[in-house]
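Some notes on the structure that comes next.
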Amino acid sequence: MQGLAIMGHGVVGSGVAELFFKNRASIQARAGEALELRHVLDLRDFADLPYSDVFTKDFEQILNDPAVAVVAEVMGGLTPAYEYTKRLLEAGKSVVTSNKELVAAKGAELLALAKARNVNYLFEASVGGGIPVIRPISQCLAANTITEIAGILNGTTNYIMTKMITDGTPFADALAEAQQKGYAERDPSADVDGHDACRKICILASLAYGRHVYPEQVHTEGIGAITADDVACARAFGGAVKLIGRTRLQANGRLQCMVAPMLVPGESPLCHVDGVFNAVLVRGDATGDVMFYGRGAGKWPTASAVVADMIDCVKHLKARKYLFWDEGAPDYVADWTDETMALFVRAVVSDPAAAESELAALFGQVDYPQGQLPAGQTAFITPAMPIARARALLAQWQTGKPVNVFCVCD
Ligand code: HSE
């Protein structure tokens with residue numbers, strides 16, 4: 001018999017407890033032993049639940065219970081989750097989490113602590129909700145050099161943009177729907193401003209390349225500046241604007257890592273990922289492109305990944321798992337404007353012929369869409385070049401005025 005505990009009984013925590021009781025027989029069979037949920041930590045009262053007897057408001061009860069071997073930290077945020085996780089790992093208990101904010105900020109330190117105590121710190125639920133992506137990158141693709149990862153990593157923003165594009169739903173209504181469905185963070189600006197996707201690409205980049213990438217090192221934009229005209233111009237190119245987290249290893253050993261709305265061409269599988277669905281495209285030198293797709297947010301998909309990690313911990317109580325990365329460094333992440341990418345530009349022009357000929361002189365080959373553009377506007381895609389160079393050329397353009405500029409995610 002192994003004892004379990006859950007810290008936090010919100011959307012995810014309640015899902016973890018309910019899933020545990022619903023599938024207890026098969027979960028125990030997979031873990032190879034009987035399991036007991038001994039504590040659920042939450043400051044609120046849940047007197048009517050069938051497992052109300054296991055609730056506690058006192059973290060020390062979990063810490064000091066020798067029967068608890070594995071704890072799910074699903075509180076979110078850094079405080080007190082960071083301190084609690086450290087104390088649990090120091091006490092020799094394995095911890096699993098969906099808390100991407102904590103893993104992105106303190107992952108290297110907590111993984112080192114888990115290693116020193118010969119216990120596990122697992123976080124499959126921290127990226128992509130129910131989609132298996134942490135294990136595949138660290139285990140199944142381990143023989144590859146991963147050249148690039150690009151993903152739709154935030155279900156809330158993908159849901160909002162899909163609703164706005166396909167149904168014309170106003171932003172605020174689409175956000176309210178995402179919140180009501182349990183997709184959004186407690187503070188939805190973490191979703192809308194790109195911080196949640198930033199934390200997730202930090203975790204993937206740290207995992208893929210072995211050194212910690214900190215959120216403050218990553219250029220991050222949200223979806224707030226995307227307009228209906230941007231969407232229409234993207235459609236005219238046969239693509240869509242999506243919030244993308246992307247990382248790539250440069251030949252000089254430094255990393256590119258950014259989060260921004262990008263034009264995703266129609267031939268990319270990422271273009272067709274809609275609603276709350278997430279997708280992570282991993283480019284390996286041996287595998288080529290591999291894509292992971294599924295529900296990236298919500299109670300049950302996230303609980304699925306948390307409970308699976310708890311099972312894995314029970315099966316590996318005396319053998320550490322493979323997850324690890326080293327501390328990062330201030331110069332590890334390159335300036336995002338050094339990255340070589342094509343830019344998708346929406347602009348206003350009064351004399352289209354003059355604007356085109358000036359663009360040709362500035363950039364050489366520029367691509368224009370087949371589809372219809374909003375009146376008085378043009379849209380074009382520059383050749384791939386360092387982003388800083390393309391922006392400098394755009395600043396010289398006299399016969400047109402860029403309104404919105406996006407990288408192209410190919
Ligand atoms: N708020 C997050 C999202 C939840 O919308 O993707 C899952 O991490």
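The values are calculated or read from the model by the stated rules, or taken from the named source; none is laboratory data. Everything quoted here is computed from the prediction, not taken from an experiment. Ideal geometry is used to build each Cβ from the backbone, glycine not excepted, and the neighbour counts take in all protein chains shown. Quick note on the areas: whole protein, heavy atoms, side chains included, nothing else; ligands and nucleic acids left out. Shrake-Rupley method; radii C 1.70, N 1.55, O 1.52, S 1.80 Å.
Among the residues that make up segment 236-244, is at least one of them within 16 Å of the ligand (Cβ to nearest atom) and of a type in the set (Phe, Trp, Tyr)? No; the residues of segment 236-244 include none that is within 16 Å of the ligand (Cβ to nearest atom) and of a type in the set (Phe, Trp, Tyr). Applying the condition of being within 27 Å of ILE226 (Cβ to Cβ) and small (Gly, Ala, Ser) to segment 346-361 and asking which residue is most open to solvent (accessible area, probe 1.4 Å) yields SER350. Candidates are the residues of segment 151-185 that are farther than 25 Å from ASP289 by Cβ and open to solvent by less than 10 Å² (accessible area, probe 1.4 Å); the one that is farthest from the ligand (Cβ to nearest atom) is ALA174.
Table: residues versus (1) open to solvent by less than 40 Å² (accessible area, probe 1.4 Å); (2) of a type outside the set (Asp, Glu).
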residue	(1), (2)
ASP187	no, no
ALA190	yes, yes
CYS198	yes, yes
ALA205	yes, yes
VAL213	yes, yes
ILE226	yes, yes
ASP230	yes, no
PHE237	no, yes
ALA240	yes, yes
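Condition check ((1) open to solvent by less than 20 Å² (accessible area, probe 1.4 Å); (2) within 18 Å of the chain's Cα centre (by Cα)) across all residues:
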residue: LEU63; (1), (2): no, no
residue: ALA72; (1), (2): yes, no
residue: GLY77; (1), (2): yes, yes
residue: TYR84; (1), (2): no, no
residue: LEU88; (1), (2): yes, no
residue: THR97; (1), (2): yes, yes
residue: GLU101; (1), (2): no, yes
residue: ALA104; (1), (2): yes, yes
residue: ALA108; (1), (2): yes, yes
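If only residues of segment 271-306 that are within 16 Å of the ligand (Cβ to nearest atom) and in a helix (DSSP H, G or I) are counted, the one that is most open to solvent (accessible area, probe 1.4 Å) is TRP300. Can you tell me how many residues in segment 96-111 are touching a residue at least 40 places away in the same chain (Cβ under 8 Å) and within 11 Å of TRP325 (Cα to Cα)? The number of residues fulfilling the criteria is 4.
For segment 131-150, a residue qualifies if it is part of a loop (DSSP other than H, G, I, E, B), open to solvent by less than 30 Å² (accessible area, probe 1.4 Å) and within 16 Å of the ligand (Cβ to nearest atom), and the qualifying residues are ILE131, VAL133.
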